[in-house]
Amino acid sequence: MSINIPRGTKDILPGEVEKWQLIEQKAKEVSARFNYKEIRTPIFEHTDLFQRGVGDSTDIVQKEMYTFNDRGDRSLTLRPEGTAPVTRSYVENKMFGLPGQPVKLFYIQPMFRYERPQAGRYRQFVQFGIEAMGSADPAIDAEVISLAMTVYQELGLKKLRLVLNTLGDAESRKSHKEALIAHFEPRIDEFCSDCQNRLLKNPLRILDCKKDRDHELMKSAPSILEHLNEESKTYFEEVKTSLDAMKIDYVIDPTLVRGLDYYNHTAFEIMSEAEGFGAITTLSGGGRYNGLVEDLGGPATPSIGFAMSLERLLLALEAEGITLETEEEIDCYVVALGDEAKRKSVAILSQLRQAGIKSDKDYLDKKMKAQFKAADRFKAKFVAILGEEELSKGIINVKNMDSGEQSEVALEKLSTFLKQGK
Ligand code: HAM
């Protein structure tokens with residue numbers, strides 16, 4: 001009996017993987033342009049990190065983590081997101097003491113969440129994320145948002161909607177929390193058991209509940225915008241001013257609360273409005289998390305970041321009918337006829353590859369016609385034919401597959417000839 005791939009995961013095969021390489025390259029190139037440096041963290045972390053970092057009452061921690069005990073009986077978790085691990089690393093490696101501040105990082109790493117799989121929602125997915133740590137300047141909030149928008153726009157996406165909100169500072173949140181408790185408490189028994197548990201601990205999470213989404217109290221719930229103190233209001237205004245200066249359009253949605261506990265002040269999501277994108281329209285999400293570094297044992301470090309999954313980015317490209325130009329062709333396919341020529345073709349191929357020429361040959365003892373077919377399938381720009389006659393003259397016959405033009409090239413000049421024609 002054959003064994004299938006686990007639910008919610010997928011293989012990325014040749015043909016598809018080139019698209020991945022292209023968007024990863026775009027993410028890296030844009031990050032470099034904005035002066036963000038790459039960080040790589042382990043695939044698993046101590047479970048505590050996410051309980052404390054992401055928050056005990058979030059869906060991620062409650063229901064979605066791949067947690068296991070290792071042979072030393074430590075509880076470990078496959079990372080469901082990147083912000084807590086990057087923050088752990090920031091503290092552990094004392095990045096707060098580095099000369100170049102703020103510390104601006106990006107990552108492209110697989111994440112794991114035990115969710116119900118559907119289009120755009122997987123159990124293993126790859127996030128491109130960035131974290132800017134050590135600045136409380138509202139202009140960096142706008143920079144982070146603009147970085148995400150740049151990646152999308154330069155790949156050709158047009159049907160984007162940036163949704164913006166603020167969650168305020170600790171004081172504003174406290175006042176909002178009290179208002180939420182007062183709002184939900186009288187009718188809390190109409191809500192699911194998760195929400196009942198969340199009421200006193202973390203009522204903001206009720207607004208994020210997938211089960212009770214349509215309850216009438218949800219729509220009339222007090223908005224954070226009514227509970228912002230002056231400082232939080234000013235901060236939000238300045239973020240908007242910076243976005244306006246960059247000509248980035250946004251809509252304000254006071255119900256945008258995000259599913260992770262570490263956020264304060266700016267919260268945002270970028271949605272796809274493309275028809276056919278599917279039910280889950282969020283392409284990326286992020287926000288400010290000024291308290292997280294301190295919560296994880298570091299000094300007070302205001303920070304902001306976002307993450308997007310590459311899976312959803314690819315779905316959005318497809319939904320907008322954008323095809324990525326991927327390079328699949330090879331430069332040269334060597335067709336060898338006869339035993340002597342076959343032996344010689346091994347050395348020729350080795351020279352071509354050392355010269356940086358993408359090339360290949362037959363390894364299935366195919367006849368000439370079939371070798372030409374293979375060259376076609378690999379979209380070879382040139383086919384170099386080596387038979388007994390060519391061997392005896394020390395030349396090789398090169399056919400330009402675009403123009404049909406044939407040339408006799410001295411064997412030792414083959415790589416120079418191909419490089420000129422490339
Ligand atoms: P998040 O909203 O949980 O935030 O996830 C960010 C993005 O990851 C989503 O917008 C979506 O593109 C993608 N994503 C999440 N779950 C799945 C899934 N099951 N399948 C496919 N894609 C998915 C975070 O993870 C925060 N760490 C973002 C952040 C960074 N905030 C500050 N810095």
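The values are calculated or read from the model by the stated rules, or taken from the named source; none is laboratory data. No experiment lies behind these values; they were computed from the predicted model shown. Cβ sites come from the backbone with ideal geometry, for glycine too, and all protein chains shown count toward neighbours. Accessible surface areas use protein heavy atoms only, side chains included; no ligands, DNA or RNA. Shrake-Rupley method; radii C 1.70, N 1.55, O 1.52, S 1.80 Å.
When segment 183-202 is examined, which residues are found to be out of contact with any Ser or Thr (no Cβ under 9 Å at 6 or more places or on another chain), touching a residue at least 12 places away in the same chain (Cβ under 8 Å) and surrounded by fewer than 18 Cβ atoms within 10 Å (Cβ to Cβ)?
Within segment 183-202, the first condition is being out of contact with any Ser or Thr (no Cβ under 9 Å at 6 or more places or on another chain), and the residues that meet it are 184-193, 195-196, 199-200.
Next, from what is left, pick out any that are touching a residue at least 12 places away in the same chain (Cβ under 8 Å): 184-185, 187, 190-192, 195, 199-200.
E185, R187, E190, C192, L199, L200 - these are the residues of segment 183-202 that are out of contact with any Ser or Thr (no Cβ under 9 Å at 6 or more places or on another chain), touching a residue at least 12 places away in the same chain (Cβ under 8 Å) and surrounded by fewer than 18 Cβ atoms within 10 Å (Cβ to Cβ).
Filter segment 319-333 down to the residues that are at pLDDT below 95 and within 18 Å of V398 (Cα to Cα) and list them by number.
Across segment 319-333, the qualifying residue is only E329.
Just the residues that are in contact (Cβ under 8 Å) with a residue 40 or more places away in the chain, within 15 Å of A336 (Cβ to Cβ) and open to solvent by 40 Å² or more (accessible area, probe 1.4 Å), please, taken from segment 376-422.
E388, L391
In segment 67-89, which residues are closer than 23 Å to I39 by Cβ and away from the ligand (no atom under 12 Å from the Cβ)? Steps first, please.
Of segment 67-89, the ones closer than 23 Å to I39 by Cβ are 76-89.
L76, T77, L78, R88, S89, listed by residue number.
All but one of (1) surrounded by fewer than 20 Cβ atoms within 10 Å (Cβ to Cβ); (2) away from the ligand (no atom under 16 Å from the Cβ) hold for F236, so report the exception by its number.
(1)
Of all residues in segment 1-12, which are closer than 19 Å to M111 by Cα and out of contact with any Asp or Glu (no Cβ under 9 Å at 6 or more places or on another chain)?
As a first pass, look at segment 1-12 and keep what is closer than 19 Å to M111 by Cα: 5-12.
Within segment 1-12, P6, R7, T9, D11, I12 meet the criteria.
May I ask you to say which residue of T266, T281 is of a type outside the set (D, E) and modelled with pLDDT of 95 or more?
Within the list T266, T281, the selection yields T266.
Would you confirm whether or not segment 48-63 contains a residue that is farther than 29 Å from P138 by Cα, open to solvent by less than 80 Å² (accessible area, probe 1.4 Å) and in contact with a Pro (Cβ under 9 Å, 6 or more places away or on another chain)?
Yes, segment 48-63 contains a residue that is farther than 29 Å from P138 by Cα, open to solvent by less than 80 Å² (accessible area, probe 1.4 Å) and in contact with a Pro (Cβ under 9 Å, 6 or more places away or on another chain).
Going through segment 279-291 one residue at a time, which ones are within 11 Å of the ligand (Cβ to nearest atom) and not aliphatic (A, V, I, L, M)? Before the answer, list the steps.
The initial filter retains those residues of segment 279-291 that are within 11 Å of the ligand (Cβ to nearest atom), namely 280-289.
The answer is T281, T282, S284, G285, G286, G287, R288, Y289.
Under 9 Å by Cβ, and 6 or more places apart or on different chains, what pairs join a residue from segment 113-135 that is closer than 18 Å to K211 by Cα with one that is in a strand (DSSP E or B)?
Pairs found: Y114/Y66; E115/R121.
Filter segment 1-17 down to residues that are open to solvent by less than 70 Å² (accessible area, probe 1.4 Å) and closer than 12 Å to R123 by Cα, then give me how many there are.
Start the filter on segment 1-17 by keeping residues that are open to solvent by less than 70 Å² (accessible area, probe 1.4 Å), which leaves 8-9, 12, 15-17.
Still in the running and closer than 12 Å to R123 by Cα: 8-9.
Residues meeting the conditions: 2.
Can you pull out every residue in segment 302-316 that is within 6 Å of the ligand (Cβ to nearest atom) and open to solvent by 10 Å² or more (accessible area, probe 1.4 Å)?
Within segment 302-316, A307, S309, E311, R312 qualify.
Return the residues of segment 410-422 that are under 30 Å from T326 (Cα atoms) and of a type outside the set (G, A, S); say none if nothing qualifies.
Of all residues in segment 410-422, those under 30 Å from T326 (Cα atoms) come to 413-422.
Hits for segment 410-422 are K413, L414, T416, F417, L418, K419, Q420, K422.
Keeping to segment 121-141, report how many residues are assigned to a loop (DSSP other than H, G, I, E, B) and within 9 Å of the ligand (Cβ to nearest atom). Reasoning before the result, please.
Quick first cut of segment 121-141, residues assigned to a loop (DSSP other than H, G, I, E, B) only: 122-123, 134-137.
Now drop any that are not within 9 Å of the ligand (Cβ to nearest atom), which leaves 122-123.
Within segment 121-141, residues that are assigned to a loop (DSSP other than H, G, I, E, B) and within 9 Å of the ligand (Cβ to nearest atom) number 2.
With respect to R205, determine if the residue is modelled with pLDDT under 90 and within 16 Å of the ligand (Cβ to nearest atom). Full working, then the answer.
Values: modelled with pLDDT under 90: yes; within 16 Å of the ligand (Cβ to nearest atom): yes.
It is true that R205 is modelled with pLDDT under 90 and within 16 Å of the ligand (Cβ to nearest atom).
Answer yes or no: is there a residue in segment 219-232 that is in a strand (DSSP E or B) and crowded, with 18+ Cβ neighbours inside 10 Å. Please lay out each step first, then the result.
Within segment 219-232, the first condition is being in a strand (DSSP E or B), and the residues that meet it are none.
No, because not a single residue in segment 219-232 is in a strand (DSSP E or B) and crowded, with 18+ Cβ neighbours inside 10 Å.
Please verify whether K174 is open to solvent by 20 Å² or more (accessible area, probe 1.4 Å) and outside any helix (DSSP H, G or I), treating the condition exactly as stated.
Numbers: open to solvent by 20 Å² or more (accessible area, probe 1.4 Å): yes; outside any helix (DSSP H, G or I): no.
In short, no.
Kindly provide the set of residues from segment 1-33 that are among the polar types (S, T, N, Q) and either part of a loop (DSSP other than H, G, I, E, B) or in contact with a strand residue (DSSP E or B) (Cβ under 9 Å, 6 or more places away or on another chain) (or both), ordered by number. Before the answer, list the steps.
Taking segment 1-33 and keeping what is among the polar types (S, T, N, Q), we get 2, 4, 9, 21, 25, 31.
S2, N4, T9, S31 - these are the residues of segment 1-33 that are among the polar types (S, T, N, Q) and either part of a loop (DSSP other than H, G, I, E, B) or in contact with a strand residue (DSSP E or B) (Cβ under 9 Å, 6 or more places away or on another chain) (or both).
Out of the residues in segment 98-120 meeting the condition of being open to solvent by 60 Å² or more (accessible area, probe 1.4 Å) and not in a strand (DSSP E or B), tell me which one is farthest from the ligand (Cβ to nearest atom). So that I can check it myself, show each step before the final result.
Just the residues of segment 98-120 that are open to solvent by 60 Å² or more (accessible area, probe 1.4 Å), to begin with: 98-99, 101, 114, 116, 118-119.
Filter again for not in a strand (DSSP E or B), leaving 98-99, 101, 114, 116, 119.
Details: L98: 19, P99: 23, Q101: 18, Y114: 9, R116: 9, A119: 10 Å.
Of everything passing the filter in segment 98-120, P99 is farthest from the ligand (Cβ to nearest atom).
So is F268 under 30 Å from N93 (Cβ atoms), of a type outside the set (S, T, N, Q) and more than 8 Å from the ligand (Cβ to nearest atom) or not? Break it down into steps so the answer makes sense when it comes.
Values: under 30 Å from N93 (Cβ atoms): yes; of a type outside the set (S, T, N, Q): yes; more than 8 Å from the ligand (Cβ to nearest atom): yes.
The answer is yes for F268.
Residues V151, V163, V144: which one is within 16 Å of the ligand (Cβ to nearest atom) and in a strand (DSSP E or B)?
Numbers: V151 fails: in a strand (DSSP E or B); V144 fails: in a strand (DSSP E or B).
Exactly one of V151, V163, V144 is within 16 Å of the ligand (Cβ to nearest atom) and in a strand (DSSP E or B), namely V163.
Given the criterion modelled with pLDDT of 95 or more and under 22 Å from D402 (Cα atoms), identify the matching residue among A336, A316. Show your work before the answer.
On the way: A316 fails: under 22 Å from D402 (Cα atoms).
Unique residue meeting the criteria: A336.
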